[in-house]
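The values are calculated or read from the model by the stated rules, or taken from the named source; none is laboratory data. All of these numbers come straight from a predicted model, not from anything done at the bench. We work out accessible area using only protein heavy atoms, side chains counted, and drop any ligands, DNA or RNA first. Shrake-Rupley method; radii C 1.70, N 1.55, O 1.52, S 1.80 Å.
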Amino acid sequence: LVFQGFLSGFGRAVCSGGRYDGLTERYGFSSPATGFAFNLYNLLFAAASQTVLAFGCNNLGAQLGVTAVLHTWSQTLLDHYHLHCIVTGGGPALAASRWIGSRSDYLFAVRALSKVFRGKFLAALERAYSKDELSFVGPAATFASPEHFAALLEKLRGIDWVVYCKRPFAGPKQVLEY
């Protein structure tokens with residue numbers, strides 16, 4: 001079960017989440033689980049999809065297809081928020097009615113993807129902050145001040161971000177089963 005929350009007149013979801021019953025049984029205990037988040041997940045999905053779609057348009061001249069799945073935990077059950085994206089190896093040409101495929105061994109340069117994703121995510125984060133669309137609670141409360149938020153952005157801009165790309169090990173069927 002997945003849900004989204006809307007505000008009258010806002011025009012898009014302001015929160016989302018889901019019910020993940022059975023998840024904890026894999027780790028030796030049974031407990032219902034619910035995930036719920038505001039805005040930050042939307043920024044993550046938007047930055048990732050915009051990056052991939054821009055590379056498709058600019059590098060292939062094609063409209064790619066993207067399916068993204070949010071993962072929130074690492075294998076050791078620590079918070080580790082990241083997306084797994086399934087991207088088509090080509091798409092319909094932007095200027096004609098034909099398919100443009102990528103090379104069979106290569107889609108896009110990961111360093112370039114990483115830099116563009118970082119730029120898009122941080123720009124969206126900065127816009128959300130300037131519109132007062134972010135909530136800072138608990139240990140993150142310090143970033144509510146403009147000075148600390150600016151310092152955080154500066155630090156994040158100086159870090160090499162990693163976009164990891166690979167072909168599915170066992171083919172497309174294995175990806176969908178995962």
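Surface calculation, 1.4 Å probe, protein heavy atoms: SER97 sits at approximately 120 Å² accessible. Counting only protein heavy atoms and using a 1.4 Å probe, the accessible area of VAL162 comes to about 130 Å². Within the accessible surface of segment 115-175, defined with a 1.4 Å probe on protein heavy atoms only, the carbon and sulfur portion equals 60 percent.
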